[in-house]
Amino acid sequence: MSDLLEITRRVARLAVAKGANEAAAGTYKARHVEVAWRDGRIEKVTEATTRGLGLDLYVDGRYASVSTSDLREDALDRF
């Protein structure tokens, strides 16, 4: 499941199916690039991409907010 919108929808539906009165989910993808220069030349280039999901739950009058960066389908089922 690589489509973040579909992951978001699926997790919100799953939370309600597992007993939440209401659920709100959001996903994100962030990219960070760093370039280090020394003596007028590029010394090092690094790149990192992060994806994650946040889930707000309302269950029996209580509120919880949780997040994960593990977006694998089986991991989201356990989450």
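We did not get these values from a lab; they are worked out from the coordinates using the rules stated. No experiment lies behind these values; they were computed from the predicted model shown. Counting neighbours? That spans all protein chains shown, and the Cβs are built from the backbone with ideal geometry, glycine included.
Highest GNM mean-square fluctuation, the chain, Cα pairs closer than 10 Å: which of E34, E43, E22?
Maximum fluctuation in the GNM of the chain, among the listed residues, is at E43.
Restricting attention to the alpha-carbon atoms of the chain, what are Rg (one decimal) and Dmax (integer), both in Å?
17.8, 61
For A20, what residues show an amide H to amide H distance below 5 Å, using hydrogens built from the backbone and excluding near sequence neighbours?
none
Compute the separation of the alpha-carbon centres of the stretch 48-76 and the stretch 1-25 and state it in Å as a whole number.
Comparing the Cα centres of the stretch 48-76 and the stretch 1-25, I get a distance of 9 Å.
At R0 = 25 Å, how high is the FRET efficiency between L4 and Y58 if r is their beta carbon distance? Nearest 0.05 is fine.
On the way: r = 23 Å, r/R0 = 0.91.
The computed FRET efficiency comes out at 0.65.
Where Rh denotes the Kirkwood radius from the mean inverse Cα pair distance, what is Rg over Rh for the stretch 6-52?
Details: Rg = 19.4 Å, Rh = 13.7 Å.
Radius of gyration over Kirkwood radius for the stretch 6-52 works out to 1.41.
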